[in-house]
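Enquirer: First, the structure itself, so that you have it in front of you.
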Amino acid sequence: MTNPVLVEVLRGAVVESLHRGAVAVCDGEGKLVWEIGDTAKPVFPRSAVKAIQALPLVESGAADAYGFGDRELALACASHSGEPEHVETARSMLARAGLDETALECGVHWPGNHAATIALARSGGVPNALHNNCSGKHAGFLCACRHSGVAHRGYVAAGHELQDMVRDAMEAVTGAAHDADHCGVDGCSIPTYAVPLRSFAAGFARMATGTGLGPVRANAARRLLSACMAEPFMVSGTGCADERLMKAAPGRIFVKMGAEGVYCAAIPQLGLGIALKCDDGAIRAAEITIAGVLAKLLAKDEDLAGNLHGQAIQPILSRNGVKVGEMRPGGALVEQL
């Protein structure tokens, strides 16, 4: 099926571009509460599922053994922007396990935050793996390996004991098989699995409620989501959508973006999980969509819903800073809202 329009982009009063996609909202039992588009189609979740991938860090006892608090746990779930606090927290996590950045196998890129990139370049520095947006997740992986007595070299490869732990956690939480036929390699070199979009929504509902999870896993899930909601800057960075959305309702909204137009979210007070995918991979459209979906689900709180509706409409500016258009919910998403 052709997915419906979720977001429209206007220049002046004319629609210039359209973004199609699908949205699933599930409860802790895995029941679809509502959906838009084809939510049975397998998609790669990319970084949107880092909180589930971080479960072995907590369940193994590594997080407690190394004294990790909310900041470290949030960074283990993060796609951070490479600002100094992110880099130093990842460095500290590794140091507690007797490691440094040379143990990271996520690759190197410049910080995602423009100011951090300029500051690093002006100082004559060059980026290392700590600046990679996934360094917190990988630091968590390495700490889980060290605490569990697992050889950490090659920890990113499919078939490594750590990645088997991550895959098993993903299967248990989402209820979907993560098999070799649907496996790819993520940007940070770890395996990623394409499963139905609705399975990720169900998974985050379970992460928020503990439904169907054993007590150890339910506690780990609650700790990770709570850490992210308490430290949204560590999950993303200055001015990023994840930070803005979680700050709008402290302790009430968990959100996490993923590459190629994916978002996952949870609203613990409602026991709901959300997953969405924009077909063309546009992050800008995914940010508009998740804000609109959250506004719908939290409509009873008029002030919060107003804030979220405001985040679902983003101006398009000229190089002179003049508003020349906007991005906003459109088509099927407007009908649902």
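The values are calculated or read from the model by the stated rules, or taken from the named source; none is laboratory data. The model shown is predicted, which means the values in this text are computed figures rather than measured ones. Note that each Cβ is placed from the backbone with ideal geometry, even for glycine, and that neighbours are counted across all protein chains shown. Ligands, DNA and RNA are stripped out before the accessible areas are found, and what is left, the full protein with its side chains, is counted by its heavy atoms. Shrake-Rupley method; radii C 1.70, N 1.55, O 1.52, S 1.80 Å.
Enquirer: Given (1) open to solvent by 10 Å² or more (accessible area, probe 1.4 Å); (2) in contact with a helix residue (DSSP H, G or I) (Cβ under 9 Å, 6 or more places away or on another chain); (3) closer than 24 Å to T211 by Cβ, where does I274 come up short, assuming only one miss?
Expert: (1)
Enquirer: Report, by residue number, each residue of region 283-301 that is surrounded by fewer than 20 Cβ atoms within 10 Å (Cβ to Cβ) and farther than 16 Å from L270 by Cα.
Expert: I283, R284
Enquirer: To continue, here is another question. In region 260-271, is there at least one residue being open to solvent by less than 50 Å² (accessible area, probe 1.4 Å) and either farther than 18 Å from I52 by Cα or charged (D, E, K, R) (or both)?
Expert: The answer is yes, given that some residue of region 260-271 is open to solvent by less than 50 Å² (accessible area, probe 1.4 Å) and either farther than 18 Å from I52 by Cα or charged (D, E, K, R) (or both).
Enquirer: Now a separate question. Report whether or not D64 is more than 21 Å from A180 (Cα to Cα), out of contact with any Cys (no Cβ under 8 Å at 6 or more places or on another chain), without any contact (Cβ under 8 Å) to a residue 12 or more places away in the chain and not β-branched (V, I, T).
Expert: yes
Enquirer: Looking only at region 100-112, filter to residues that are part of a loop (DSSP other than H, G, I, E, B) and open to solvent by 30 Å² or more (accessible area, probe 1.4 Å); which one of those is farthest from N133 (Cα to Cα)?
Expert: That would be D100.
Enquirer: Kindly provide the set of residues from region 27-47 that are of a type in the set (K, R) and at positive phi, ordered by number.
Expert: Across region 27-47, the qualifying residue is only R46.
Enquirer: Within region 5-29, take every residue that is open to solvent by 30 Å² or more (accessible area, probe 1.4 Å) and assigned to a loop (DSSP other than H, G, I, E, B) and give me the one that is farthest from S135 (Cα to Cα).
Expert: A13
Enquirer: Further question: Restricting the search to region 194-219, which residues are surrounded by fewer than 24 Cβ atoms within 10 Å (Cβ to Cβ) and under 30 Å from L130 (Cβ atoms)?
Expert: A194, R217, N219, listed by residue number.
Enquirer: Inside region 170-195, can you point out the residues that are part of a helix (DSSP H, G or I), of a type in the set (G, A, S) and under 17 Å from I52 (Cα atoms)?
Expert: The one that is part of a helix (DSSP H, G or I), of a type in the set (G, A, S) and under 17 Å from I52 (Cα atoms): A172.
Enquirer: Given the structure, is R167 closer than 26 Å to A65 by Cβ, part of a helix (DSSP H, G or I), of a type in the set (K, R) and open to solvent by 60 Å² or more (accessible area, probe 1.4 Å)?
Expert: The answer is yes for R167.
Enquirer: Residues being part of a loop (DSSP other than H, G, I, E, B), touching an Asp or Glu at 6+ places or on another chain (Cβ under 7 Å) and over 26 Å from A63 (Cβ atoms): count how many of those fall in region 114-147.
Expert: 0
Enquirer: Looking at A78, A90, can you tell me which residue is of a type outside the set (F, W, Y), in a loop (DSSP other than H, G, I, E, B) and within 21 Å of C240 (Cβ to Cβ)?
Expert: Of A78, A90, the one residue that is of a type outside the set (F, W, Y), in a loop (DSSP other than H, G, I, E, B) and within 21 Å of C240 (Cβ to Cβ) is A78.
Enquirer: Can you pull out the helices (runs of 4 or more DSSP H) entirely within region 199-260 that have at least 1 residues that are of a type in the set (D, E) and without any contact (Cβ under 8 Å) to a residue 24 or more places away in the chain?
Expert: The qualifying helices (runs of 4 or more DSSP H) are 241-248.
Enquirer: So, in region 34-78, exactly how many residues are open to solvent by 40 Å² or more (accessible area, probe 1.4 Å) and either closer than 24 Å to G21 by Cβ or among the hydrophobic types (A, V, I, L, M, F, W, C) (or both)?
Expert: 8
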